[in-house]
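Novice: Starting off with a structure, shown below.
The values are calculated or read from the model by the stated rules, or taken from the named source; none is laboratory data. No experiment lies behind these values; they were computed from the predicted model shown. Cβ placement follows ideal geometry from the backbone for every residue including glycine, while neighbour counts extend to all protein chains displayed. SASA here: full protein model, heavy atoms, side chains in, ligands and nucleic acids out. Shrake-Rupley method; radii C 1.70, N 1.55, O 1.52, S 1.80 Å.
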Amino acid sequence: MADPRAKGRHGGRRAGSGGGRGAAGGSGRVGGRPAARRPGTAGDVDPARAVAFEVLTAVREQDAYTNLVLPAMLRSRGVAGRDAAFATELVSGTIRRQGTYDAVIAANVDRPLAKVDPDVLDALRLGTHQLLAMRVPSHAAVGTTVDLVRSRVGRGPTGFVNAVLRKVAAHDLDGWVRRVAPDPVADPVGFAAVAHSHPQWVVEELQRALGDDGELEALLAADNAAPKVTLVARPGLASVEELVGAGGTASSMSPYAVELSGGDPGTVPAVAEGRAGVQDEGSQLVALALSRATVDGRDERWLDLCAGPGGKSALLAALAAERGAGLLASERQHHRAVLVRRATAAARTGLLGVVTADGTVPAWRPGTFDRVLVDAPCSGLGALRRRPESRWRRTPQDLRDLVPLQRALLGSALDSVRSGGVVAYATCSPVVAETSEVVRDVVAGRDDVVLEDATPLFDGVPDLRPGAARLPGTVQLWPHRHGTDAMFLALLRRR
Ligand SMILES: C[S@@+](CC[C@H](N)C(=O)[O-])C[C@H]1O[C@@H](n2cnc3c(N)ncnc32)[C@H](O)[C@@H]1O
């Protein structure tokens with residue numbers, strides 16, 4: 001996205017007018033904060049960049065989530081329209097691309113980045129994103145970043161920032177990747193990690209999940225693209241035609257999906273009324289797959305064991321209502337159960353209720369349900385497009401912590417379904433340890449469960465070929481193949 005203000009008040013500004021040190025080094029802590037700092041003052045910083053800087057600070061200092069803090073800050077600062085779009089791209093792109101940008105910045109600073117003032121480093125990342133990925137003219141990218149640093153940190157580091165960014169401006173992104181990434185032949189994973197800005201362990205996990213078929217770079221690149229906004233027309237409550245009439249385009253995989261080309265989805269009447277919602281098409285396909293599985297005999301009681309915040313529950317409840325069935329939505333965390341209630345508020349007969357309960361300790365008799373969804377808590381490494389900071393927060397230890405919980409939840413889902421009923425185990429992660437390995441281990445430990453082929457439940461979805469490390473019959477969606485989050489699904493039937 002080009003800078004809407006490139007020809008505006010910052011566009012013609014001389015880069016680095018803040019003066020100060022001209023070299024990217026000097027003595028002492030680089031970018032140290034001087035007494036002249038005026039916290040909270042906007043100075044002559046444009047509102048979009050000011051918001052972007054504050055969001056980066058909140059993400060770094062308070063572990064805030066970009067997708068929560070950014071819209072709230074845009075609203076509270078009255079930043080809208082093209083400025084809001086610019087700020088959104090600036091924040092999300094900078095955080096997603098942080099791994100690449102840090103390698104570029106490090107190549108232009110004469111000390112470890114850990115010794116650069118964190119506020120200054122954030123500003124350098126913002127400036128680098130504008131220079132290498134946003135088509136902001138160099139003089140504007142450098143000048144506005146220097147202004148930002150002068151306003152938010154102080155005059156001291158402006159010369160340093162000016163010098164570093166001028167060096168960054170000397171090459172384009174590809175040129176920098178060639179200079180700072182490891183050799184792609186000698187170290188393909190190390191190269192991919194720097195070139196596509198993913199932690200190395202994440203690249204390794206994604207590579208294993210994909211298998212060895214040359215798609216890694218396409219997947220990593222897809223993780224760095226802003227996801228499209230997809231709506232779901234909840235059956236019986238809204239129609240695809242209604243959402244298309246509101247400015248969307250019907251999608252080809254989920255019969256309920258409509259892609260929005262822009263604008264605030266909250267202004268679409270069906271969304272505001274809870275008859276439709278914002279939902280990734282992969283999530284829609286997972287809920288649909290559970291509803292499409294054949295079940296002989298009674299088909300009245302459905303369960304969503306890990307329901308918060310309620311997107312899949314809302315679709316399942318609408319589907320259940322059409323068949324005279326009802327869904328119980330269960331969620332361990334109270335505040336997320338509240339979100340489930342809100343998401344399912346428009347559901348009529350399709351909702352049996354929403355309960356706050358630990359799914360590993362079922363509050364119902366064994367065999368109560370005919371269909372059960374376990375959308376398990378997971379690393380979320382399949383949804384990196386929409387959670388820019390998560391790749392930098394997750395660690396391999398998270399996987400070790402999550403797997404026992406995932407196994408326990410799948411076990412209790414299987415206990416909760418009647419003989420002949422089905423359980424769908426889903427994650428928004430393709431990581432083998434929390435997908436195929438969980439399912440394989442749980443199935444191996446029981447003699448009352450059969451793993452079924454789930455691919456026929458994804459009718460109309462192309463390219464569901466198996467992966468080398470994936471259990472046969474399970475389904476893995478991919479951002480680069482399907483344009484969805486990397487949802488995984490296994491279908492299990494109780495004997
Ligand atoms: C991946 S999210 C589910 C997303 C949801 N199905 C949707 O589409 O909106 C996993 C959820 O499981 C919940 N959870 C974690 N541990 C749980 C447990 N022991 N019992 C029930 N829910 C749990 C988390 O709080 C989280 O809300």
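Novice: Using the heavy atoms of the protein chains and a 1.4 angstrom probe, tell me the accessible area per residue for the chain in square angstrom. Spell out each step's value before the answer.
Specialist: Numbers: 19420 Å² over 495 residues.
Accessible surface, normalised per residue, equals 39 Å².
Novice: What would the Debye equation give as log₁₀ I(q)/I(0) for the stretch 61-148 at q = 0.10 Å⁻¹, counting only Cα atoms as equal point scatterers?
Specialist: Calculated log10 I(q)/I(0) at the listed q: -0.27.
Novice: Kindly give the semi-axes, whole Å and largest first, of the ellipsoid equivalent to the stretch 124-205, taking each as the square root of 5 times a Cα gyration tensor eigenvalue. Write out the running numbers ahead of the final one.
Specialist: On the way: eigenvalues 170, 36, 22 Å².
Value: 29, 13, 10 Å, ordered largest first.
Novice: Next question. Leaving ligands, DNA and RNA out of it, report the carbon-plus-sulfur percent of the accessible area of the chain at a 1.4 Å probe.
Specialist: Answer for the chain: carbon and sulfur cover 52 percent of the accessible area.
Novice: Let me ask you something else. Net charge near Arg495, counting Lys/Arg +1 and Asp/Glu -1 over other residues with Cβ under 12 Å of its Cβ?
Specialist: Around Arg495, the surrounding residues sum to +1.
Novice: Could you work out the mean projected area of the convex hull around the alpha carbons of the chain, in square nanometres to one decimal?
Specialist: Reported value for the Cα convex hull: 23.4 nm².
Novice: I've got another one for you. How big is the stretch 182-327 on each of its three principal axes, counting only the C-alpha atoms and giving the largest first in Å?
Specialist: The principal-axis extents, from largest down, are 59, 41, 25 Å.
Novice: Beyond 14 Å, what share of the Cα-Cα pairs of the stretch 264-321 remains, rounded to the nearest whole percent?
Specialist: Above the 14 Å cut-off, the stretch 264-321 has 60 percent of its Cα pairs.
Novice: Would you mind computing Rg(Cα) / (2.2 N^0.38 Å) for the stretch 317-389, counting N as its residues?
Specialist: That ratio works out to 1.26.
Novice: Sticking with this one: Expressed as a rounded percentage, what relative contact order does the stretch 186-264 have, with Cα pairs under 8 Å and six or more residues apart?
Specialist: The value is 22 percent.
Novice: Could you list the residues of the stretch 128-151 with an amide nitrogen less than 20 Å from a label point located 7 Å from the Cα of Arg111 in the Cα-to-C-beta direction?
Specialist: What the label zone holds, given the 20 Å backbone N cut-off, is 149-150.
Novice: Roughly how many nanometres apart are two label points built 7 Å out from the Cα toward the Cβ at Thr360 and Asp172?
Specialist: Placing both labels 7 Å along Cα→Cβ, they lie 5.2 nm apart.
Novice: Seen from all sides and averaged, what is the projected area of the convex hull of the Cα atoms in the stretch 227-278, in nm²?
Specialist: In nm², the orientation-averaged hull projection of the stretch 227-278 is 3.1.
Novice: Rounded to the nearest 500, what is the 222 nm mean residue ellipticity of the chain from helices alone, with -39500 (n - 2.57) per DSSP H run of 4+ residues and division by all residues?
Specialist: -12500 deg cm²/dmol
Novice: Once R0 is set to 35 Å, what does the formula 1/(1 + (r/R0)^6) return for the Cβ-Cβ distance between Arg393 and Arg446, expressed as a FRET efficiency to the nearest 0.05?
Specialist: Values: r = 34 Å, r/R0 = 0.98.
Between Arg393 and Arg446 the formula returns 0.55.
Novice: Another question about this same structure. What FRET efficiency do you get for Arg292 and Arg60 if R0 is 35 Å and r is their Cβ-Cβ distance, rounded to the nearest 0.05?
Specialist: Efficiency, from the Cβ-Cβ distance: 0.20.
Novice: Let me ask something else about it. For Glu300, what accessible area in Å² do you get when you roll a 1.4 Å probe over the heavy atoms of the protein chains, rounding to the nearest 10?
Specialist: Glu300 exposes around 100 Å² with every protein chain in place.
Novice: For the residue pair Thr267 and Ala250, what label-to-label distance in nm results when each label sits 7 Å from Cα along the Cα-to-beta-carbon direction?
Specialist: My value for the distance between the label points is 2.5 nm.
Novice: Continuing with this model, one more query. For Asn67 and Ala468 in one chain, what is 0.36 nm times their gap in residues minus the Cα-Cα distance, to one decimal in nm?
Specialist: 141.0 nm
Novice: Let me ask another. Under 16 Å from the Cα of Lys312, which aspartates and glutamates turn up, not counting those fewer than eight places away in the same chain?
Specialist: List returned: Asp280, Glu281, Asp304, Glu322, Glu331, Asp375, Asp485.
Novice: Using only the alpha carbons of the stretch 372-495, determine the length spanned along each of the three principal axes and report them from longest to shortest in whole angstroms.
Specialist: That gives 42, 35, 24 Å along the principal axes, largest extent first.
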